[in-house]
Amino acid sequence: MTQKIFWQDPYLTELKTTVAAVRGDQVYLRSTIFFAFSGGQESDAGTIGSYPVLAAAKEGLDIAYTLPHEHTLKAGDAVELRIDWERRYRLMRLHFAAEMILQLVYRHCPGIERIGAHISADKARIDFARDDSIAVLFPALETEAGALVAAGKPIETDFTDEAAQRRFWEVQGFARMGCGGTHPRSTAEIGPLTLKRKRLGKGKERIEITLSSPAGILI
């Protein structure tokens, strides 16, 4: 089982570890700071040793990293990992921004169904089953999200089931949600955000979320 250091310290950008197994182009590590696509959040970018990580995928409680075909790593090799911090930090901030907006939508529209979500380094999106325009909610969503950011509340994360590696985040007085992604330490780090509406088709509405400023509070 891969030890997922990105949960213990999502701000860590370098790690020395050991290759656990190699299966062709796929490499498995004893421990890792590379997040693999899950819950709509895209994978990190960076290197294992001198090789760029081309893809990262969950395999049960392990993570398989695809490296270039010409890599020479083998089980037992010591390697150093480096992740693209700018990308990671934007993913962290956008991930929580999306979940913050999701929880606020749930408050305003009890019973609404989320039908999709995706978090990239440029923007996040959440899709809902809804007949009328979801943009009517934007003034309230932006005001309430802005207040939560200004409050600088701690974002706490932990396991609900450590053996199964199920996790959650919680902001006291706001919400608690099951999630295995990476998150910043404080709502203040999200900074100002912008919402945009897209109509996906009959009965389908999308909220796109972008950050309106550079990274807020760094390490």
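The values are calculated or read from the model by the stated rules, or taken from the named source; none is laboratory data. Please read all numbers here as calculations on a predicted model, not as lab measurements. Heads up, the Cβs are rebuilt from the backbone with ideal geometry, glycines too, and the neighbour counts pull from every protein chain shown. These area figures cover heavy atoms from the full protein model, side chains too; ligands, DNA and RNA do not enter into them. Shrake-Rupley method; radii C 1.70, N 1.55, O 1.52, S 1.80 Å.
The table that follows gives values for the structure above.
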item: The range 1-23 - residue that is among the β-branched types (V, I, T) and in a loop (DSSP other than H, G, I, E, B) and, of those, most open to solvent (accessible area, probe 1.4 Å); result: T13
item: Residue match in the range 182-192 (condition: under 20 Å from E42 (Cα atoms), within 19 Å of the chain's Cα centre (by Cα) and open to solvent by 20 Å² or more (accessible area, probe 1.4 Å)); result: yes
item: Selection status of P139, of a type outside the set (S, T, N, Q), in a loop (DSSP other than H, G, I, E, B), at pLDDT 95 or above and more than 19 Å from G181 (Cα to Cα); result: no
item: Members of the range 24-64 found to be polar (S, T, N, Q) and either in a loop (DSSP other than H, G, I, E, B) or open to solvent by 50 Å² or more (accessible area, probe 1.4 Å) (or both), listed by number; result: Q26, S43, S50
item: Residues located in the range 109-146, provided they are open to solvent by 60 Å² or more (accessible area, probe 1.4 Å) and farther than 13 Å from T194 by Cα; result: P110, G111, E113, R114, I115, D131, D132, V136
item: Exclusive hit being among the charged types (D, E, K, R), assigned to a helix (DSSP H, G or I) and touching a Cys at 6+ places or on another chain (Cβ under 7 Å), set E144, E99; result: E99
